[in-house]
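Here the structure comes first, spelled out in structure tokens, and everything after it is commentary.
A short reminder: the numbers here are calculations on the coordinates, not readings from a lab. These numbers come from a predicted model, not from an experiment. Glycine gets a Cβ as well: all are built from the backbone with ideal geometry, and neighbour counts include every protein chain shown.
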Amino acid sequence: MQALYSAPETLIRTPSHYCPGCGHGIAHRLLAEIIDEWGIRGKTIGLAPVGCSVLAYNYLDIDMCEAAHGRPPAIATGIKRVHPDNVVFTYQGDGDLAAIGMAEIVHAASRAENITVIFINNAIYGMTNGQLAPTTLLNQRTTTTPEGRNPLTHGYPIRICELLATLEGASFLARTSLSSPKDVLQTKEALKKGFKTQIEKKGFSLIEVLAPCPVYWRMSPVESLKFIEEKMTQTFPLGVFKDWEKTVSAPGGQATKV
Amino acid sequence: MKSSNNKKHLLTGNEAAAEAAILAGCRHYYGYPITPQNELINHMAIRMPQVGGTFLQAESEIAAVYMAYGGAAAGARVMTSSSGPGISLMQEGISYLAGSELPCVIVNVQRGGPGLGDISPSQADYFQAVKGGGHGDYHNIVLAPASVQEIADLVYDAFDLADRYRNPVMLLGDAQLGQMMEPVEFRKTPRTHQAVKRWALTGAEGRARNIVKSFYPVKGELEAFNIRLQRKYRAIEQEEVRYEEVNTQGAEIILVAYGTCARICKEAIRRASGTGLQIGLLRPITLWPFPKEPLRRLAKKARAFCVVEMSAGQMVEDVRLAVLDRCPVHFYGRMGGGVPSSREILKKVLNILAPEGTLELEIPEIPTELGKGLYFSTIP
Ligand SMILES: Cc1ncc(C[n+]2csc(CCOP(=O)(O)OP(=O)(O)O)c2C)c(N)n1
Ligand code: SF4
Ligand SMILES: [Mg+2]
């Protein structure tokens, strides 16, 4: 009998510390699949900062570097400048990338730093028990916005792809989601494109992945997927915002569908 | 400039630090402009491309220290530099470097503080440098040069020490040392030993993967790691203490000072020679590990110590801890950019020997060939 579907080699078989229905596990698996399919395990270096995925190195059998909160793009820069022919990626949450690490991500993009950023947008601080994130939706309840996010006091959600699309240094920017099997496959394609961008030395690539955090959204895993499709994509439209191969550049939120 | 000849060059301390780093095999420098270390970053911007290295002006000192962290994790010799406010911003990263056991050389060209302070020489970052500065139980190895030549020499050693112990090494200078020009000779073949870094991130081709981290969430693991770190620190304390003694044989008063202040103390000693005053100097070259044993030895014979610093009194605490009650420890300091003069130091010494003011001394002027408007004698 032939196995049609099996776990990727690069994915370490160990009990997961993620909550049921969490998006991180799916994203890890996609990464591991690509690393296997492209045979790049021996030259890939990953960075996981604090956040629920700080233990990503428990699951991915590659050289990995832990990072301080928000600093993966700077650390990845240091690594990539030493090993320009390796594949270097960061795996960052929304608090990490869009709050404390905003300067680092903007400047890595503006330098056209030849790295790939996987940006897990779950609109919440998962690791620290569900506080407001820069990407938290308006009216969304979090532990620090118990009445819901109010733009007058908490400001508006930040759209990272749209923001970075204004920078010449960004070569590939896409937003995908993990809310359905089709979306998961599109996420994988976008991740591949990100790695391709880097391997062909085309500069900075970032894939923003809308991911569920059922625990701090206070929803069931199934409700969480519905929330992404019906609510999150309203604020964060899916699509490609920049593509060096197609010269797609759509600042201001007008994304081209993948 | 051509770096491999052994002629004397006239350079600022900052330029000498940069050039010595390149000679020591550093090919990755990350920095952010701040006075009084700008000659260093500017020199790196010119020289790194010439030697095929990386120079990157980061978006902040936070980014700079983490770029250095990345380079170190990738196995390269890396350097960053800053002063005052910038070094403060780097503290989280320095703690991470120590926690991940990454070798990195950090130059702090101290300026006056707190806050924005000013850009004149200071030694008020001593606590920050030697006690940790960031969070957690860790130590930087801290080297304190006192001349441009010594800056060059200690930069080589800084890279070796960083590699050998997988630990951040801070070169603690100040605005005076960084910006003044002196002749410097670079070692023709720098005695540097680049370690084989099997732990480095290079891609796991043909080997088990490497992980660089400082996170130990499993109960007990972090304590075990800390115990191992402390063992390393004890070994460094055993092996790496460096200091210089001047005139300590038979000295009544022993000055204790590092860097710029040590040079001024040497001038004070020269000015006192022939006056009957017996003054010696202990100059720590490593501020961490601190030369406790030599101080204890001297405490048996000397009448008193006098610690001279450009601070409100920071190193003096370590001197007191070293000698305990065996010998009185006095302090003379200037703050906020103030630099003690040799005359002030001699006055303080007289005051220690005769607090009631009965001891008067004609303090000879600085010999003109030494003076020339500098605070320093040229004794190396
Ligand atoms: C300097 C610093 N500040 C705060 C923290 C605490 N902290 C850890 S993870 C985190 C937020 C994580 O949120 P996100 O990046 O969105 O990742 P998620 O857990 O949602 O995947 C915070 C604030 C820290 N580790 N370091
Ligand atoms: S808290 Fe949220 S992001 Fe973190 S593991 Fe649980 S579901 Fe995932
Ligand atoms: Mg998050």
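Can you tell me what share of the DSSP beta bridges in the stretch B:244-378 is antiparallel? A percent to the nearest 5 is fine. Don't skip to the end; give the middle numbers.
Numbers: 3 of 16 bridges.
Given both bridge residues lie in the stretch B:244-378, the antiparallel proportion sits at roughly 20 percent.
Which is the longest run of chain B containing none of the GluC sites (Glu not before Pro) found in DSSP loop states (not H, G, I, E, B) with at most 11 other C-beta atoms within 10 Å? Each step should come with its number before you reach the end.
Numbers: sites that count: B:E356, B:E360, B:E362, B:E365, B:E369.
No qualifying site falls inside B:1-355, the longest such stretch.
Which trypsin sites (Lys or Arg not before Pro) does the stretch B:322-359 hold that lie in a coil by DSSP with at most 12 other beta carbons within 10 Å?
Passing both the DSSP loop test and the Cβ count: no residue.
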With DSSP loop assignment and no more than 13 other C-beta atoms within 10 Å, the trypsin sites (Lys or Arg not before Pro) in the stretch A:128-230 are A:K201, A:R218
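Find the percent of Cα-Cα distances in the stretch B:26-128 that exceed 23 Å, and round it to a whole number.
23 percent
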Those lysines that a straight Cα-Cα span of less than 30 Å connects to A:K196, excepting residues fewer than 8 apart in one chain: A:K43, A:K80, A:K182, A:K188, A:K242, A:K246, A:K257, B:K197, B:K213
Any chance you could run the full-extension gain for A:E223 through A:T247? It's 0.36 nm times the residue separation minus the Cα-Cα distance, nm to one decimal. 5.0 nm
Using only the alpha carbon atoms of the stretch A:24-243, find the Kirkwood hydrodynamic radius as the inverse mean reciprocal pair distance, in angstroms to one decimal. 17.1 Å
Rank B:P355, B:P183, B:P85 by mean-square fluctuation in a GNM of chain B with C-alpha springs under 10 angstrom and give only the top-ranked residue. B:P355
Estimated dipole of chain B in Debye, rounded to 20 [Cβ of Lys and Arg +1, of Asp and Glu -1, Cα centre]: 1020 debye
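If you average 1/r over every pair of different alpha-carbon atoms in the stretch A:116-165 and take one over that average, what Kirkwood value in Å do you get?
For the stretch A:116-165, the Kirkwood estimate is 11.4 Å.
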Can you pull the one-decimal nm distance between simple spin-label points at A:T14 and B:H135, each 7 Å off the Cα toward Cβ? 2.3 nm
Could you tell me the ratio Rg/Rh of the stretch B:229-331? Both radii from Cα atoms, Rh via Kirkwood. 0.98
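Counting each DSSP H run of 4 or more residues in chain A as -39500 (n - 2.57), what helix-only mean residue ellipticity at 222 nm follows after dividing by all residues, to the nearest 500 deg cm²/dmol?
On the way: 8 runs with 73 residues, N = 258.
After summing the helix terms and dividing by residue count, I get -8000 deg cm²/dmol.
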Just the Cα atoms of the protein assembly as shown, one point each, no solvent: what log10 I(q)/I(0) does Debye give at q = 0.07, 0.09, 0.11, 0.12 Å⁻¹? -0.51, -0.77, -1.02, -1.14
Tell me the mean residue ellipticity at 222 nm calculated for chain B from its helices only (DSSP H runs of n ≥ 4, each -39500 (n - 2.57), averaged over every residue, nearest 500). -11500 deg cm²/dmol
Using a simple spin-label model with points 7 Å from Cα along the Cα→Cβ vector, what separation in nm is obtained for B:R303 and A:D36? 8.1 nm
The base-10 log of I(q)/I(0) that the Debye equation returns for the stretch B:8-239 at q = 0.10, 0.17 Å⁻¹, one scatterer per C-alpha, is -0.42, -1.23
If the convex hull of the alpha-carbon atoms of the stretch B:163-245 is projected onto planes in all directions, what is the mean projected area in square nanometres? 10.2 nm²
How big is the Cα convex hull of the stretch B:111-168 in projection, averaged over all directions, in nm²? 4.8 nm²
Counting other Cβ atoms within 10 Å, which trypsin sites (Lys or Arg not before Pro) in the stretch B:159-209 have at most 10 and lie in a DSSP loop? B:K188, B:R191, B:R198
